Amino acid sequence: MDEKTQKPKNDVGKVVLQELTGGEAQAKSPRRRFWQPLVLPALAIFTGLLIGAVLIILTSEQVYAAFRQSFGAGLLAALQAVGKAYGALLQGSFGDPVRIVNALGSGDALEIRRAINPFLESLVAATPYIFAGLAVAVGFRAGLFNIGVEGQLFIGAAAATFVGYAVKGLPAYIHMPLAMLAGAVAGGFWGFIPGWLKAKTGGHEVINTIMLNWIAFRLTDWLLAGPMQRPNSGGMPISPMIEPTARIPQFFPAPIRFHLGFFIALAVAYFIYWLLFKTTWGFNLRTVGANPNGARYAGMNIVRTTVLGMTLSGALAGLAGANQVLAITRAMAMGLSSGYGFDSIALALLGNSTPLGVVLAALLFGFLRNGATNMMVVSRIPIDIISILQALILVFIAAPAIIRSIYRLRSVQAQEGGVFVRSWGGK
Amino acid sequence: MTTVVHHRKLETVSPLWRYGMGVFFLLLAALISFVFLRSVAVGVQTRFVMTPGGITQGTLPDWVLDARTTLLILAGLIAVAGGYQLGRGFAKLTNTVLAIVMLLFVFGFLVWAAAGKSLNLAGMLGNAIQLSVPIVLGAFSGVLCERAGVVNIAIEGMMLMAAMVGALVGAVSGSMWVGLLAAVASSVLLAWVHAVLSIKYKINQIISGTVINIFATGFTSYISAKFLQVYEHLNKTAIFPRWAIPGLADIPLIGPLFFNTTLFVYLMFIILIVLQVALFSTRWGLRLRSVGEHPKAADTLGINVVRTRYMAVLLGGVVAGLGGAYFTLGSVGRFDEMMTAGKGFIGLAAMIFGNWTPLGALGAGMMFGFADTLGSKLSILGSTIPPQFMSMLPYITTMIVLAGVVGRGQAPAADGVPYEKE
């Protein structure tokens with residue numbers, strides 16, 4: 001009796017599992033599994049940097065001036081321009097190796113901290129990327145395209161800021177988590193709306209999240225100029241400073257901003273991994289994302305999964321916002337995000353919507369962004385070049401056929417690029 | 001014959017939606033009668049100026065209304081609509097009625113906000129038309145691409161690129177026409193990249209669009225920071241002047257708004273007519289739509305799916321390029337970083353709101369344009385409602401409408417699906 005009722009269920013599960021894990025099963029089988037998945041990303045990054053170098057050369061006036069003198073001088077100037085720029089990029093993101101070695105030799109703790117600060121600063125830059133990238137990745141896994149991370153981030157930051165300055169007298173070990181939680185809840189609510197609309201009415205989440213982005217911007221704009229405005233700000237749209245107890249603690253004295261948020265982000269990434277890949281709930285979510293019809297046939301609750309998936313995605317975006325105000329800016333103003341919303345889409349795609357992949361991609365973006373700041377100072381190359389690099393890297397990751405044809409690599413599987421299509425379902 | 005395709009599955013209106021809409025109408029009526037009407041004293045007049053500033057042709061005398069009477073009439077009309085919606089229901093006409101009710105409400109709002117003052121309504125409408133140009137052209141670009149089955153979220157990036165190239169080339173060449181041409185060419189180049197990535201390499205079209213957006217943002221900001229901000233003369237282009245069409249420009253109100261305006265507004269209406277006719281009344285349009293609905297069947301009938309999609313995306317690039325050029329060559333004459341400010345995405349929303357038709361996209365785009373104007377006008381009028389809330393209205397309206405009948409199954413069936421020939 002039991003067996004009879006159990007059997008068809010198992011079969012459905014098997015079918016669903018096969019549908020779902022097409023990509024993963026394939027990744028496990030070949031012998032060279034350790035370096036194989038890294039070849040394409042590495043070549044993509046390399047090619048992106050190469051094209052970036054061409055852009056640096058083409059837009060450098062010194063190079064043109066040198067070419068006017070002689071061809072050799074021009075070539076030399078071109079190489080110098082690229083070397084200087086990428087040298088500054090590396091030094092800005094990892095620190096100056098000579099200085100680090102000297103500092104270690106001298107044993108001066110302050111000097112050591114200062115020498116490795118660029119590296120720590122890159123981790124600081126990567127932290128919001130981890131949260132935001134996870135937000136989009138969770139959405140992708142549930143078959144939802146959350147383009148509204150930016151709005152959820154703003155709402156999350158506003159809520160965290162409010163709890164941060166309005167609640168007073170709590171000990172730090174309660175206040176800070178409470179402010180983070182407020183950010184997650186508010187961001188989650190901002191994600192819940194399009195999730196609910198999608199599940200109940202079919203209203204497309206891409207448009208709804210774009211709309212909610214604008215509503216969020218207007219709302220925070222109003223909050224910062226009205227109810228949440230700092231009393232003596234002189235009309236500036238900025239919130240009061242948050243209480244010291246709500247701040248995410250920094251590990252070192254003032255100029256070094258490396259803070260606990262980075263480790264919170266890593267913990268959250270691990271939690272998401274566990275949730276997505278080790279729990280029934282995560283299995284449901286991934287199944288609904290990969291094959292809604294199969295999931296419905298297997299008796300999964302699509303409405304609930306869609307709503308919860310989008311809420312979780314929004315909550316992660318809200319954490320990104322909370323992290324920025326509680327650890328870095330310590331008060332909210334409109335210039336809170338430097339485009340995390342869109343970068344996060346690239347992150348999730350680059351990381352193949354896996355938590356580990358997102359963390360690695362976020363680190364890459366963090367190092368790039370931080371290094372680019374130094375590059376801007378040293379060789380006057382606008383920081384926007386990293387957006388160009390990101391776009392190039394992303395396109396080569398998404399279309400491996402281009403990389404293959406450039407480097408004459410053999411195709412492992414004809415359908416490798418299809419993995420993204422599966423993860424975003426939708427339209 | 002041609003309307004059949006885009007009206008399928010429209011018949012079912014859920015009861016929740018129907019009653020919700022009725023209650024919404026009644027709430028608006030209540031808002032007018034209890035909030036607006038209360039704060040207006042008896043006998044206060046609202047003066048609407050009906051000629052845009054600086055226009056001498058097609059003038060119209062000012063329009064003076066008694067604020068209380070007007071508000072009462074508007075509240076009555078909206079309440080009747082709400083009552084009917086609750087009782088019988090407008091069924092298929094619900095969205096049309098919603099649009100009319102929103103118009104009445106916004107009009108009532110203006111009467112209230114400008115009570116005892118004077119408001120240049122014609123100037124506001126003219127401004128709204130100008131602001132809607134990039135949104136509507138972006139939406140047209142989307143209609144072209146998506147009707148052929150290619151999702152294009154890269155419109156924002158294409159417009160940004162066109163705006164930058166238009167300003168730069170316009171300034172360097174000294175000719176706005178050369179600037180316009182270069183702007184369109186740059187947008188088409190990005191459209192070609194989108195086409196190659198999504199049609200040839202079959203990568204996810206959303207990814208391809210995202211990549212182009214990120215690239216365009218980075219590239220335009222890079223060039224701007226490296227050159228345009230450093231050498232001011234590279235970022236100072238002539239802009240297209242207003243051209244009055246003889247005869248038509250003298251029609252009161254209509255003349256100043258539609259026949260005494262810039263190239264971009266004329267282009268917008270020309271493209272509207274051409275696109276609406278071409279898509280729904282020509283063989284070309286039927287083929288393009290068939291590729292977007294059922295590429296396999298189209299292929300079987302001998303239509304070249306890949307070529308049709310390439311053509312649609314490239315044409316979409318042309319239209320988006322015109323929309324982008326508006327920002328610099330049609331408006332301020334200089335490029336600023338990120339100056340498209342999400343208009344391409346709003347255009348995408350206008351396209352969906354407008355049900356993937358040029359005419360609908362125009363209507364939705366105009367609504368967004370009007371809301372933009374409203375927001376800026378409100379702060380001048382010194383209204384008690386924060387302008388931020390008024391400028392949220394179109395976004396909220398879009399979401400409400402999407403949640404209703406438009407939300408389901410209206411997109412071209414093969415939208416976003418790469419075509420695999422067997």
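Figures for the structure shown
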{"read-out": "List of the stretch A:193-226 residues, accessible area with partners at least 40 Å² below that of the chain alone (1.4 Å probe)", "value": "A:201, A:207, A:210, A:211, A:214, A:215, A:218, A:222"}
{"read-out": "Candidates A:159, A:66, A:362, ranked by Gaussian network fluctuation over chain A, Cα under 10 Å, top entry", "value": "A:66"}
{"read-out": "Drop in accessible area of at least 20 Å² in the complex versus isolated chain, residues of the stretch B:338-358, 1.4 Å probe", "value": "B:341, B:345, B:346, B:348, B:349, B:352"}
{"read-out": "Exposure of residue B:118 as accessible area (Å², to 10), given a probe of 1.4 Å and all protein chains", "value": "60 Å²"}
{"read-out": "Under the span-like rule (Cα at least 18 Å along the axis, Kyte-Doolittle mean at least 1.0), DSSP H helices of chain B", "value": "B:15-30, B:67-87, B:94-113, B:121-147, B:155-173, B:176-195, B:205-223, B:263-281, B:305-327, B:358-381, B:387-403"}
{"read-out": "Gyration tensor verdict on the stretch B:275-320 (Cα atoms; rounded if a/c is under 1.5, prolate if a/b is larger than b/c, oblate otherwise)", "value": "oblate"}
{"read-out": "For residue B:245, solvent-accessible area (1.4 Å; no DNA, RNA or ligand), Å²", "value": "60 Å²"}
{"read-out": "Selection of trypsin sites (Lys or Arg not before Pro), the stretch B:221-300, meeting DSSP coil and at most 12 other Cβ within 10 Å", "value": "none"}
{"read-out": "Ranking by accessible area, most exposed first, for A:121, B:337 with a 1.4 Å probe", "value": "B:337, A:121"}
{"read-out": "Beta bridges by DSSP in the protein assembly as shown, antiparallel share as percent, to the nearest 5", "value": "75 percent"}
{"read-out": "Net charge of Cβ neighbours under 12 Å - reference residue A:284; Lys, Arg +1; Asp, Glu -1", "value": "+4"}
{"read-out": "Shape category assigned to chain A from the gyration tensor of Cα positions, a/c cut at 1.5", "value": "oblate"}
{"read-out": "Using a Förster distance of 25 Å, the FRET efficiency for residue B:27-residue B:69 (Cβ separation, nearest 0.05)", "value": "0.70"}
{"read-out": "Gained length - residue B:376 relative to residue B:16, 0.36 nm times residue gap less alpha-carbon distance", "value": "126.1 nm"}
{"read-out": "Solvent-accessible area per residue, Å², over the stretch B:130-365 with all protein chains present [probe radius 1.4 Å]", "value": "33 Å²"}
{"read-out": "Where A meets B: accessible area buried, both sides, 1.4 Å probe, Å²", "value": "4300 Å²"}
{"read-out": "Highest-fluctuation residue, A:301, A:374, A:323 considered, GNM on chain A with Cα pairs under 10 Å", "value": "A:301"}
{"read-out": "Gyration tensor (alpha-carbon) shape descriptor, the stretch B:5-121, a/c threshold 1.5", "value": "oblate"}
{"read-out": "Surrounding net charge for residue B:386, when Lys and Arg each add one and Asp and Glu each subtract one, Cβ distance under 13 Å", "value": "0"}
{"read-out": "Cα-based Rg and Dmax for the stretch B:30-75, where Dmax is the largest Cα-Cα distance (Å)", "value": "13.9, 41"}
{"read-out": "Carbon and sulfur %, accessible surface of chain A computed with the full protein complex present, 1.4 Å", "value": "65 percent"}
{"read-out": "Estimated FRET transfer efficiency when R0 is 25 angstrom, pair residue B:34-residue B:103 (beta carbons, to 0.05)", "value": "0.75"}
{"read-out": "Sequence of B:421, A:200 when ordered by accessible area, the most exposed leading, probe 1.4 angstrom", "value": "B:421, A:200"}
{"read-out": "Residue pairs, from the table B:200/B:296; B:343/B:421; A:198/B:421; B:236/B:343; A:84/B:226, whose Cα atoms sit over 25 Å apart", "value": "B:343/B:421; A:198/B:421"}
{"read-out": "In Å², nearest 10: area of residue A:279 left accessible to a 1.4 Å probe", "value": "30 Å²"}
{"read-out": "Per residue accessible area in Å² of the stretch A:34-424, where ligands, DNA and RNA are left out and the probe is 1.4 Å", "value": "41 Å²"}
{"read-out": "Heavy-atom accessible area order for B:254, A:385, largest first, 1.4 Å probe", "value": "B:254, A:385"}
{"read-out": "Sulfur and carbon atoms: percent of accessible area, chain B [1.4 Å]", "value": "69 percent"}
{"read-out": "Nitroxide proxy distance, nm - points 7 Å out along Cα→Cβ at residue A:281 and residue B:229", "value": "4.5 nm"}
{"read-out": "Net charge of neighbours whose Cβ lies under 15 Å from the Cβ of residue A:56, counting Lys and Arg as +1 and Asp and Glu as -1", "value": "+1"}
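The values are calculated or read from the model by the stated rules, or taken from the named source; none is laboratory data. Remember, it's a predicted structure, so these values are computed and weren't measured experimentally. Neighbour counts are summed over all protein chains in view; Cβ atoms, including those assigned to glycine, are modelled from backbone coordinates with ideal geometry. Accessible surface is based on the protein model in full, side chains and every heavy atom, while ligands, DNA and RNA are left aside. Shrake-Rupley method; radii C 1.70, N 1.55, O 1.52, S 1.80 Å.
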